[in-house]
Every structure is written in C-alpha cells, then in structure tokens.
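J.: Following this message is one structure expressed as structure tokens.
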Amino acid sequence: MSHRLTWKATLAGTIAAGAVISVFQILHNNYPVYKGDWPILWYGASTPGSADYPSPYPPTALFLFRPFGFLPVWPAFVAWSLVGLMVFVTAARRLGASAGAIALALIMPCVLTCLVAGQTSLFVGSALMAGVAVKDRRWSGILFGLAMVVKPQSAVAVPIALLAIGDWRRLFVVATTGATAVALSVVIWGVSAWTIWIHAMPAFQAYLIEHHVDVMDVGINGLRLRLHWPPWVHLVGVVLGMITVATTWRASPDPMARYAALACGAALISPYTLVYDLAGLSVVATAALLNRKRTPADWLVAAPIIAGFWPNPGVIGLACLQAWRYRQGVLTGLETIKLRRRSGTSDSPEPPRQSRAD
C-alpha cells in the first residue's frame, strides 16, 4: 500500500471510529438520565469548604469552579462549557495547531466526553498548552502552576521538563504560584477544606476500584489492571514517561512536541488518567494525522488517541516514538551538565522556538 493510500485509510478509519464512539458517549452520558460529573463539581463550587464537599479536586481548584457556583446548575454548565471551549481553541491555536486539526479534535471522543461530563480537562489542557507556547517564562510558569493546583496529576510532568532543561527560574515561578494558591485557599476557605478533601480521598479511590473506573486509565497502569499484571509494571510507564519528557524538552524547541511529551508523560506517570484528560493531546494527534508528510508511525499512534477507543497503545506508542526521535536530548543533557560544572553556571537558556506547519 502506498504512502498516500495508507494515510487515506488511517484517516478514514479513525474518523469513522471516532464518530461512532462520540455518538455512543453522548447517548451513554445523557440517556435516560445525565451521568456526567458536572452536578458534583457544581455542588462543590456552590458550597465551598462544606463538610459535604465531594469533589476529588483539591480546594485550590475552587478558584476555577467558584465563579460558576453563583449560577444555577445547568446555566452554569452551559457557561462552563462555552468558556472551556473558548480558552481551549485559543490555546490550541497558540500552540500551533491548524483550524482543521482543532475542528476535528472538537468532534472526537476525547473533547466531546470532556464536554458532556463537564470535566476540567479543557481548562487544564489549555493552561498547559499556553504554558508551552507562551514566550514569557514568567507567564509560562504561572500557567503551569495554575494547571497543577487544579489537577496535579495532569501536570505532574511539568517539573521533570523544567528540570531537564535547567529552567530553575520558571520552576520557581511554578512553585510560587502553587504555594500562593494554597495559602489563599486556606485564608478564604480555611484549613478545614483541605482536611475534608484529604479525608475524602480514600473513599474516592475505593469508589474507582469498586466501579472499575481505575481500569479505564489510558496509560500503562490501565493495561496492567486489565491484564492483571503485577504492580511493578506501572514503574515501566513512569520511567518511559520521564524519559519522553526529558529527551523531548532537551532536544526539541517545537511547542507541539513539547506539549505532547507533557501529556504522554502525565498519562504514563499518573496511575489515573481517563480519556477526557487527553483532550489537549488529541489536538496534537489530529495535527499529525492530517499532515500527509508525517510518517505512518505518526498516523498509527495518533489514530487510537483521536478515536478514543483503547487509547493506551496510542499514548504508549507516541511516548516511545518521541523518546526515540529525540533521543539525542539525553546526550545533549549530559554534555550540558559537564559544561556547567566546568563553567560554574546553573541556568541555561532554551533553544529558540521554531514554528511548524501541521
């Protein structure tokens, strides 16, 4: 099969599978009754610091939720979805995705599931994409910090990336943003909001296990649980995620590649990442699939991410592809460490950013 036919077949199959799964997700979450998470998130937003606070999100996430808590539940849901879409599209464009790639991602399962469920992934993904794309390192650090205080597991790879390139200043901004958010949450909602959240976490974990939600993880841990592999297998994902992030950020200035590394790294390192958490990564995947100049390997790892059907191989495959493609980043990092030790410097500039057509 020629290169062109391979691309057409992969594109057609991915869109067809994604469309079917999208329709299924919409029907499953809305018929006969709404099964999404928005009422739970809205309740936490409308009654911050309450002893009945049921949300798995830390109290710092209330800075995002709280404005929507002043509206009735369903008008708030509409506002939440519209604002989420607006910031998501803006951040994706800033990252370098084409209008066509964004449009395709919006009608595929990762984004649609996030919208239907009322999840935070559009906001968190937007903060991470914008943090990668923005040139001002202070704003980049603030955006990364905001993503971490809303959903820490989705931004777990950020410190690894900044350590890999020796960007201590931006790492300091991330830490300062997080510490400030925690301090303000204590001042506004009290220490009790944190104790309630901490005590609720075991019950939340038990709920995931009881309802088999944990096996829906899109990384290696999800495969491990489904195939009944030993717990140490998850460590393979952790190592792969760390290598992917470090090599990509060391070797490539491309914002799309860097964001893909963050998203894949988070999915592999965290023990709990669901399909809607791949909303931002689906934009990178659609950009790759729509680009005829990319390799069949790029298309094949992008397809399951876009289609939202068993995306684990796509996430793992994309991580492996980037780790191999940017493997020179390891050698560059080792050489930089040696140079720093000789010169006595502690902070190195990033390579200049380069734009890339989708």
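J.: Which order, highest average first, do 201-210, 141-150, 235-244 follow once you tally other Cβ atoms within 10 Å for each residue and take the mean per peptide?
T.: Put in order of decreasing packing, that is 141-150, 235-244, 201-210.
J.: Excluding I305 itself, what net charge comes from residues whose Cβ is under 15 Å from its Cβ, given Lys and Arg +1 and Asp and Glu -1?
T.: Here the charged neighbours net out to -2.
J.: Treating each Cα of the chain as an identical point scatterer and ignoring solvent, apply the Debye formula and state log10 I(q)/I(0) at q = 0.08, 0.10, 0.12, 0.13 Å⁻¹.
T.: -0.38, -0.61, -0.89, -1.05
J.: For the range 78-225, report the translational diffusion coefficient in µm²/s to the nearest whole number, using Stokes-Einstein at 37 °C, 0.692 mPa s, and a Kirkwood Rh over Cα pairs.
T.: It diffuses with D of about 191 µm²/s by this estimate.
J.: Quick check: net charge around T248, other residues with Cβ under 9 Å of its Cβ, Lys/Arg +1 and Asp/Glu -1?
T.: Around T248, the surrounding residues sum to +2.
J.: Work out the charge dipole of the range 3-336 with +1 on the Cβ of Lys and Arg and -1 on the Cβ of Asp and Glu about the Cα centre, then indicate which of A76, L41, L11 is farthest towards its positive end.
T.: After comparing all options, I get L11.
Coordinate-derived values only; no laboratory data. Keep in mind it's a predicted model, so treat the numbers as computed, not measured. For neighbour counting, all protein chains shown are included, and Cβ atoms are generated from backbone atoms with ideal geometry for every residue, glycine included.
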